[in-house]
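The values are calculated or read from the model by the stated rules, or taken from the named source; none is laboratory data. What you see is a predicted model, and the numbers here were worked out from it, not measured in a lab. With ideal geometry, Cβ positions are generated from the backbone for all residues, glycine too; neighbour counts draw on all protein chains shown. Please note that ligands, DNA and RNA were not included when accessible areas were found on the heavy atoms of the full protein model with its side chains. Shrake-Rupley method; radii C 1.70, N 1.55, O 1.52, S 1.80 Å.
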Amino acid sequence: MSRIPLSQARPGMVLAESAESPDGKYGLSAGLALAEAHLRVLRGWRIREIEVVAALEAAPARDEKALDAAVLERFAHLPPKEPVVAALLRLALARAAEQPAPARCRIPANRPLPPEAALSPERILANDPVLVSLPEVFMRIREVLSDPDSTVEEAAAVIGKDPSLTAKILKLVNSAFYARTMRVSGSLPPGPVDSLNRAVMLLGLNQLSTLAMGVSVLPLFKDIPPECVDMRQFWRHSVGVALVAKLLAMRQGDPNPERFFVAGLLHDIGRLVLYKQLPEVAGATLSLALSTGRPLDDVERELLGYDHARLGGMLLRKWRFPESLEQAVWRHHDPMSGEAPQEAALIGVADMVTVATLCDGGGERSVPRFVPEAWRLADLGASELPAIVAAAETHLDIVCAMFA
């Protein structure tokens with residue numbers, strides 16, 4: 001165990017003591033094996049020294065040729081001459097050694113589909129009483145959001161009835177990521193946001209209510225069977241898409257970028273419904289996608305007649321989420337199929353960027369397909385990708401910890 005300057009820290013070293021942000025709100029725990037993203041966070045906190053128990057050699061070296069081959073395999077179905085695809089591939093190759101080993105589904109790909117695979121999306125959504133009986137706080141927030149006469153105080157009072165939700169919202173609003181985005185918008189507060197009233201005034205009633213609705217439904221999926229998916233990895237991917245989507249929306253000057261964060265957070269909620277209701281079916285489709293290198297949504301449509309994006313969009317419609325959110329989730333794999341493709345396009349692009357460079361899709365290793373029209377709507381070029389990825393990566397671990 002030794003104390004070293006942060007400038008000498010390298011990925012693979014293990015923290016011997018916890019490291020905290022200057023305000024003490026956030027921290028990296030002792031025992032954490034540092035990745036490059038953690039080091040960037042520590043530099044952002046202006047930490048000068050850290051206590052480590054192991055140096056770089058403590059992390060076994062990974063075969064660079066094997067890593068490169070695995071990355072190339074994930075991009076094999078994409079057009080290599082497209083500038084943004086080539087840029088994503090370069091970023092993916094540069095980050096390959098930092099990414100966690102892929103989670104693998106433990107259900108064999110050649111297992112016959114069970115009879116419940118024939119269930120329609122409507123039947124699946126009707127069969128789970130938990131998905132029908134939403135948390136009371138969700139229902140109340142939805143009422144506030146749909147009432148044009150609602151006030152800041154009413155929104156804060158409704159959210160404040162759920163202490164866990166309140167804590168998550170305040171942590172998120174006080175995070176470095178929100179400080180960065182509020183600085184860009186010119187609404188950075190002079191001190192910590194210590195009340196929901198202040199959070200509503202900073203973000204706006206619609207934005208905070210939308211965020212609270214999205215966060216409030218996450219506990220409904222806490223009992224997903226572990227056979228198919230690593231839920232920690234799944235939520236890490238979802239948060240990554242949320243961060244990238246919000247950055248893209250802000251870059252376009254959207255007045256309500258929070259709905260893009262929520263759409264990114266919930267974009268794969270249809271997969272969670274399948275894991276929860278039909279784990280054997282979900283496992284079979286995921287295993288086949290992994291073994292063949294095909295996109296998961298293609299396999300789902302072939303075997304089930306629908307994909308997880310449609311199922312997720314139908315669930316959000318059942319819950320009466322704003323239509324823009326429902327459509328962004330429903331169409332994110334095929335943005336141009338909807339009447340208003342802009343929002344779905346940004347979620348689809350964010351999904352592709354995240355799977356390629358930050359973290360895979362909770363077991364789905366193939367990078368989502370390249371949709372040229374979606375990238376044109378996102379107005380994102382190859383030269384701008386590194387900055388977007390770096391901004392999201394810097395905040396990924398801290399924001400993920402808020403949803404643990």
Seminar exercise, completed: Subset of the range 355-376, residues modelled with pLDDT of 95 or more and open to solvent by less than 20 Å² (accessible area, probe 1.4 Å), comes to A374, W375
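Residue-by-condition table, conditions (1) in contact (Cβ under 8 Å) with a residue 60 or more places away in the chain; (2) part of a helix (DSSP H, G or I); (3) under 26 Å from D128 (Cα atoms):
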| residue | (1), (2), (3) |
| --- | --- |
| P255 | no, no, no |
| V262 | yes, yes, yes |
| G283 | yes, yes, yes |
| S291 | yes, yes, no |
| E302 | no, yes, yes |
| R310 | yes, yes, yes |
For this session: Could you tell me whether S120 is closer than 22 Å to K276 by Cβ, at pLDDT 90 or above and surrounded by fewer than 20 Cβ atoms within 10 Å (Cβ to Cβ)?
Result: yes
For this session: Could you grab me the full set of residues in the range 143-162 that are assigned to a helix (DSSP H, G or I) and open to solvent by 80 Å² or more (accessible area, probe 1.4 Å)?
Result: E143, S146, E153, E154
Problem set entry | Matching residues, the range 380-402, being closer than 14 Å to G44 by Cβ and of a type in the set (S, T, N, Q) | T394
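One line per residue, one yes/no per condition, for (1) in contact with a helix residue (DSSP H, G or I) (Cβ under 9 Å, 6 or more places away or on another chain); (2) open to solvent by less than 30 Å² (accessible area, probe 1.4 Å); (3) modelled with pLDDT under 75; (4) in a strand (DSSP E or B):
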residue	(1), (2), (3), (4)
V41	yes, yes, no, no
I47	yes, no, no, no
A61	yes, no, yes, no
L78	yes, yes, no, no
A97	yes, no, yes, no
R104	yes, no, yes, no
Exercise. Of all residues in the range 341-383, how many are touching a residue at least 60 places away in the same chain (Cβ under 8 Å) and part of a helix (DSSP H, G or I)?
Worked result: 17
For this session: From W319, W375, W330, grab the single residue that is among the aromatic types (F, W, Y) and closer than 20 Å to Q252 by Cα.
Result: W375
Exercise. In this structure, does L170 turn out to be within 15 Å of V399 (Cα to Cα), at pLDDT 85 or above and in contact with a Ser or Thr (Cβ under 7 Å, 6 or more places away or on another chain)?
Worked result: no
For this session: Tell me which residues, restricted to the range 125-142, are surrounded by 13 or more Cβ atoms within 10 Å (Cβ to Cβ) and free of Cβ contacts under 8 Å to residues at least 60 places away in the same chain.
Result: A126, M139, R140
For this session: Out of S383, S337, report the one residue that is of a type in the set (S, T, Y), over 13 Å from the mean Cα position of the chain (by Cα), more than 21 Å from A94 (Cα to Cα) and open to solvent by 20 Å² or more (accessible area, probe 1.4 Å).
Result: S337
Exercise. List, please: which pairs have Cβ atoms under 9 Å, are six or more places apart or on different chains, and start with a residue in the range 1-16 that is closer than 16 Å to G31 by Cβ and touching a residue at least 24 places away in the same chain (Cβ under 8 Å) and end with one that is of a type in the set (D, E, K, R) and open to solvent by 30 Å² or more (accessible area, probe 1.4 Å)?
Worked result: M1/E17; P11/E36; P11/E98; G12/E57; A16/R3
Exercise. Out of all the residues in the range 195-203, is one or more open to solvent by less than 10 Å² (accessible area, probe 1.4 Å) and among the hydroxyl-bearing types (S, T, Y)?
Worked result: no
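For (1) open to solvent by less than 20 Å² (accessible area, probe 1.4 Å); (2) in a helix (DSSP H, G or I); (3) touching a strand residue (DSSP E or B) at 6+ places or on another chain (Cβ under 9 Å), each residue gets a yes or a no:
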site	(1), (2), (3)
P219	no, yes, no
D223	no, no, no
R232	no, yes, no
A245	yes, yes, no
R259	no, yes, no
R271	yes, yes, no
S287	yes, yes, no
Exercise. Which condition does A66 not pass, out of (1) open to solvent by less than 90 Å² (accessible area, probe 1.4 Å); (2) within 26 Å of A391 (Cα to Cα); (3) modelled with pLDDT under 90; (4) in a helix (DSSP H, G or I), if it passes all the others?
Worked result: (2)
For this session: Scan the range 186-217 for residues that are modelled with pLDDT of 85 or more and not in a helix (DSSP H, G or I) and jot them down.
Result: S195, V217
Exercise. Pairs, please: C-beta under 6 Å, at least 6 apart or cross-chain, first residue of a type in the set (S, T, Y) and in the range 192-215, second open to solvent by 10 Å² or more (accessible area, probe 1.4 Å)?
Worked result: S209/V144; S209/L145; T210/R259
